[in-house]
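The values are calculated or read from the model by the stated rules, or taken from the named source; none is laboratory data. This is a predicted model, so every value here is computed, not measured. All Cβ positions, even for glycine, are placed from backbone atoms using ideal geometry, and neighbour counts span all protein chains on display. These area figures cover heavy atoms from the full protein model, side chains too; ligands, DNA and RNA do not enter into them. Shrake-Rupley method; radii C 1.70, N 1.55, O 1.52, S 1.80 Å.
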Amino acid sequence: MISKELLRAREYETIEGALVGEKDRPAFHFSPRIGWLNDPNGFSFYEGKYHLFYQYHPYDSHWGPMHWGHAVSTDLINWEYLPVALAPDTDCDGAGCFSGSAVTLPDGRQLLMYTGCDAKDLDPEGKWAQTQCLAVSNGDEYVKYEGNPVITRKDLPAGGDPYEFRDPYIWQAEDGSYRAVVANANKDGNKATQISMFKSNDAFHWSFDKVLFEDYRRIGIMWECPNFFALGGRQLLIASPMDMELEDAEGSIRFPKGNNVCYMVGDYDEANETFTPHQAASHEGASRSAFATYHPVDCGLDFYAPQVMKAPDGRTLMIGWMQDPSTANIHKIEDFRIFGQMSFPRELDLRGNRLVQWPAREMEECRKGRIISASMDIVSETKSIEGLSGRVLDMEIDISPRSSSAAGICSLDEFGIRFARDYDHYVELTYRPDSSVLTVDRSRSGQSDEITKRRSIRVRDRSGIISLRILIDRWSAEVFINGGEQVMSLTYYTPLEAQGITFSAEGSAIVDLTAYELIFDK
Ligand code: FRU
């Protein structure tokens with residue numbers, strides 16, 4: 001039976017979603033059919049297609065009672081919207097169907113595990129009680145399990161906060177049984193947050209297993225949206241700490257105040273279910289205990305709550321909500337019929353103990369438009385390149401300082417790229433080889449003053465030479481640094497007519513560039 005809430009949402013998205021034209025959407029970053037989008041959910045490959053569900057409020061371009069939107073794709077580029085899959089329509093999820101994940105059952109059905117927010121059970125601060133719930137595909141619909149909720153407050157370890165208990169990430173273990181890790185605040189003693197693991201033989205009946213990870217250092221209020229998976233012979237934990245405090249100067253270049261995504265690389269002893277994160281190399285702060293084990297996933301301004309899946313061809317893929325959650329609701333409602341976009345899916349790999357991210361290779365198939373290549377010296381000037389402009393591009397650029405006659409003196413103080421540029425606007429990337437600092441700056445992109453404008457990182461490769469791949473879309477860019485060792489993503493709302501791209505140097509730079517105009521067969 002389809003509930004009236006689900007029916008209403010489907011009617012609404014069919015009618016209103018049809019009014020959003022292709023040109024009103026990002027060209028290749030996934031956006032909601034209508035209304036608001038946040039986290040990716042249930043990112044999976046099922047019955048020959050990639051499935052992407054998403055936190056969805058169809059009725060408004062601001063966050064509201066959460067539904068699960070749904071889309072499928074065969075190439076990670078073109079997504080077909082399917083009817084909204086879940087609506088808040090039962091006792092345990094009446095205030096919202098929060099984030100979760102998917103697994104294929106042995107009988108071929110797809111199981112969604114999500115967090116239900118109970119509208120009738122609130123704590124003194126007004127937070128809803130959260131439980132873990134299931135929905136199973138029957139071919140046409142995702143039917144909520146009659147035994148919901150399957151994990152509740154009675155399954156929590158001591159101190160676990162039932163009002164901050166969400167985002168199950170499910171997988172099937174080697175022996176065929178199931179595990180799920182769930183984010184949870186803990187008020188016991190000086191603990192701040194924990195990631196608890198639950199187990200089940202059939203994916204329907206669950207019990208508490210153990211606390212997989214706990215944080216005593218108060219790195220953010222809570223580590224939302226955990227992912228726990230094997231990669232390159234190691235085990236990774238990726239999670240999104242909310243509201244991190246500003247760390248000291250060295251720290252702030254790695255994790256700014258606010259919401260962040262971090263990863264830990266470690267070893268997983270499956271028999272004993274213990275995860276041991278590796279310590280960082282000393283030059284990266286091993287002496288600083290708070291930074292010893294975890295690293296930023298994306299160092300830009302907008303990336304949160306990513307979800308990781310295994311593709312049938314063996315790739316490990318990640319997609320994230322390309323948005324800083326703390327400023328997501330700062331836009332005027334009349335500005336957008338849709339709000340929120342995902343990152344382009346990324347292939348994950350390990351280089352040593354470091355996560356490497358690269359745009360899914362399907363993007364290269366879309367380099368079907370103009371190709372512009374240039375090799376040039378830029379010497380204390382600003383240059384544009386004949387024919388190079390646009391807002392839907394894949395650009396590769398290598399920059400190195402011209403060797404200086406005076407040994408040891410860097411001939412390049414700063415290199416800059418401005419794009420989405422017109423007379424008044426631009427987004428800027430600057431690189432200073434002497435300090436290896438790369439900065440993204442959107443203070444001239446025409447956004448609200450309340451939004452964070454810039455972020456700087458220290459590029460890991462300190463050779464002074466940098467290689468960038470920049471995916472430019474209508475309202476966002478993803479910058480992959482030195483083969484994906486670091487990534488910076490950001491959104492901007494510069495007018496679409498701002499198509500200019502310029503390069504500048506203070507000092508002398510050698511630049512090699514190839515830019516591909518992207519064309520999508522819709
Ligand atoms: C992360 C998050 C999740 C929650 C969802 C609600 O952005 O806060 O923890 O499940 O969004 O929309």
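Note that the chain presents 39 Å² accessible area per residue, ligands and nucleic acids not counted, probe 1.4 Å. Expressed in Å, the radius of gyration and Dmax of the Cα atoms of the chain are 23.0, 78. Listed by chain and number, the lysines whose C-alpha is less than 24 Å from the C-alpha of LYS257, apart from same-chain residues fewer than 8 away, are LYS127, LYS187, LYS191, LYS453. Applying 1/(1 + (r/R0)^6) with R0 = 25 Å to the Cβ-Cβ distance of GLU396 and GLN172 gives a FRET efficiency near 0.05. Surface composition of the chain: carbon plus sulfur atoms contribute 49% of the solvent-accessible area (1.4 Å probe, protein chains only, all chains present). Straight-line reach from LYS522: which lysines have a Cα under 21 Å away, not including same-chain ones fewer than 8 places off? The qualifying lysines are LYS23, LYS49, LYS368.
The packing ranking of peptides 30-41, 15-26, highest mean first, is 30-41, 15-26, where packing means the average number of other beta carbon atoms within 10 angstrom of each residue.
Show me the ranking of peptides 412-419, 153-160, 265-272, 429-436 by mean Cβ neighbours inside 10 Å, starting with the highest. Write out the running numbers ahead of the final one.
Details: 412-419: 21.1, 153-160: 15.2, 265-272: 13.1, 429-436: 18.1.
Highest-to-lowest ranking by the protection proxy: 412-419, 429-436, 153-160, 265-272.
Distance between the C-alpha centers of segment 419-469 and segment 57-90? Whole Å please. One Cα centre to the other: 32 Å.
Counting pairs of alpha carbon atoms under 8 Å apart in space and at least six apart in sequence, what relative contact order in percent does segment 367-517 give? Mind dumping the intermediate values first?
Values: 377 pairs, mean separation 64.9, N = 151.
So the answer I get is 43 percent.
Put a dot 7 Å past the Cα of SER375, heading toward its Cβ, do the same for ASP349, and the two dots end up 2.5 nm apart. Neighbours of ALA85 by Cβ distance under 13 Å: Lys/Arg scored +1, Asp/Glu scored -1, total -3.
Given a Förster distance of 22 Å, report the FRET efficiency between GLU365 and THR514 from their Cβ-Cβ distance, rounded to the nearest 0.05. Walk me through the numbers before you get to the answer.
Working: r = 16 Å, r/R0 = 0.73.
Using R0 = 22 Å, I get an efficiency of 0.85.
Cross-link partners of LYS144 among lysines, defined as those whose alpha carbon lies under 16 angstrom from its own and excluding same-chain residues fewer than eight positions apart: LYS4. Overall shape: oblate for segment 57-148, with the ratio a/c of the largest to smallest alpha carbon gyration tensor axis at 1.5 or above and b/c at least equal to a/b. Entry note, the chain: relative contact order of 12 percent, from Cα contacts under 8 Å with a spacing of 6+ residues. The helix-only estimate of mean residue ellipticity at 222 nm for the chain, built from DSSP H runs of length n ≥ 4 each weighted as -39500 (n - 2.57), is -1000 deg cm²/dmol after division by the residue total. Rounded, prolate or oblate: which one fits segment 1-89, using the alpha carbon gyration tensor with axes a ≥ b ≥ c (rounded when a/c is under 1.5, else prolate when a/b beats b/c, else oblate)? Judged from the Cα gyration tensor, segment 1-89 comes out oblate (a/c at least 1.5, b/c at or above a/b).
Among residues other than VAL479 whose Cβ falls under 15 Å from its Cβ, what is the net charge (Lys/Arg +1, Asp/Glu -1)?
Charge balance in the 15 Å sphere: -3.
Against the empirical 2.2 N^0.38 Å (N residues), segment 367-517 has a Cα radius of gyration ratio of 1.00.
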